[in-house]
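These notes concern the structure reproduced below.
The values are calculated or read from the model by the stated rules, or taken from the named source; none is laboratory data. Values in this document were obtained by computation on a predicted structure and should not be read as measured data. Neighbour counts are summed over all protein chains in view; Cβ atoms, including those assigned to glycine, are modelled from backbone coordinates with ideal geometry. Keep in mind that these areas ignore ligands, DNA and RNA; they rest on the heavy atoms of the full protein, side chains included. Shrake-Rupley method; radii C 1.70, N 1.55, O 1.52, S 1.80 Å.
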Amino acid sequence: MITKRIIPCLDVRDGRVVKGVNFEGLNDVSSPIELADYYSRCGADELVFYDITASAEGRALFTEILKETASRVFIPLTVGGGINTLEDFDRVLKCGADKVSVNSGAIRNPDLIREAALRYGSQCVVLSADVKRVDGQFRVFARGGRDDTGMEAIAWIKRCVDLGAGEIVVNSIDTDGVKGGFDLEMLQAVCDVVKVPVIASGGAGKKEDFTELFRTIPGVDAGLAASIFHFGEVAIPDLKADLRKNGILVR
């Protein structure tokens, strides 16, 4: 059986890690370099690094911070923010990323996923889907959750997997930062239509939320969180020990 992964997320703005609620009200947390080093040493299975305003500001991702962060960690690193071309994939991978996360760039040009998968392999291409309920429908949002694309999310995610995305990060805007538990309904809907690894993001507030996630939806491969790790509310070694006690295989 495949072990479940625990993944801290570093949302970076202006060179600092920030965290908000429902993608709004961002507050300063720490240096991404120091946090990444800490998580690498304390048992995180992977790290996700998002330059969260790159797409909205129409600029390239901060590469100097990324290079230094990558040089300090010895676990897989997924990087996203302002990824619009194959050249962006190339630049980020050369900075030390293991996988590249694409969101708004794929919405503008879905063929970017196919082209990147052909050049770098599907294992390098991660679709990050920011999803929110609108009039009872799961809707895809772009530009860091700012723009409603009008696209139904489950069909969009399936299309991107068919194009070559090798992994999906499902970011629930409805539960982001609320700490009331993962969006199980949304995650189940995604797992029902894809066979690639699915990472749950948005809503973790306590250790028990991860146990509920993996028990309720065995198809979810990883749980991603930010504030509960950043602010010391849950320590990754304690979380993994709790999951093992509950019969969930972790690394």
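The residue that is nearest to PHE210 (Cα to Cα), counting only those in the stretch 151-184 that are touching a Lys or Arg at 6+ places or on another chain (Cβ under 7 Å) and small (Gly, Ala, Ser), is GLY177.
Which members of the stretch 105-137 meet the condition of being within 17 Å of VAL169 (Cβ to Cβ) and either of a type in the set (Asp, Glu) or within 14 Å of the chain's Cα centre (by Cα) (or both)? Within the stretch 105-137, CYS124, VAL125, VAL126, LEU127, SER128, ALA129, ASP130, VAL131 qualify. Quick check on ILE228: is it open to solvent by less than 40 Å² (accessible area, probe 1.4 Å) and touching a Lys or Arg at 6+ places or on another chain (Cβ under 9 Å)? For ILE228, the condition - open to solvent by less than 40 Å² (accessible area, probe 1.4 Å) and touching a Lys or Arg at 6+ places or on another chain (Cβ under 9 Å) - is met.
The condition (being in contact (Cβ under 8 Å) with a residue 60 or more places away in the chain, outside any strand (DSSP E or B) and in contact with a Pro (Cβ under 9 Å, 6 or more places away or on another chain)) is satisfied by just one residue among PHE214, PHE229, PHE210: PHE229.
Is it true that LYS195 is in a loop (DSSP other than H, G, I, E, B), more than 18 Å from GLY43 (Cβ to Cβ), open to solvent by 30 Å² or more (accessible area, probe 1.4 Å) and at pLDDT below 95? In short, no. Which of (1) hydroxyl-bearing (Ser, Thr, Tyr); (2) touching a strand residue (DSSP E or B) at 6+ places or on another chain (Cβ under 7 Å); (3) farther than 23 Å from PRO197 by Cβ is the odd one out, the single condition THR78 does not satisfy? So the condition that THR78 fails would be (3).
Every condition in (1) open to solvent by 40 Å² or more (accessible area, probe 1.4 Å); (2) in contact with a strand residue (DSSP E or B) (Cβ under 8 Å, 6 or more places away or on another chain) is met by ARG114 except one, and the failing one is (2). Scanning the stretch 106-134 for residues that are of a type in the set (S, T, N, Q), assigned to a helix (DSSP H, G or I) and under 13 Å from CYS160 (Cα atoms) gives a single hit, SER122.
Looking at the stretch 72-92, which of its residues are within 17 Å of the chain's Cα centre (by Cα) and assigned to a helix (DSSP H, G or I)? Correct list: PHE89, VAL92. For ALA165, state whether it is of a type in the set (Gly, Ala, Ser), outside any loop (DSSP other than H, G, I, E, B), at pLDDT 95 or above and over 22 Å from LYS240 (Cα atoms). Criteria not met by ALA165. Restricting attention to the stretch 117-147, the residues that are surrounded by fewer than 18 Cβ atoms within 10 Å (Cβ to Cβ), at pLDDT 95 or above and under 23 Å from ARG13 (Cα atoms) total 0.
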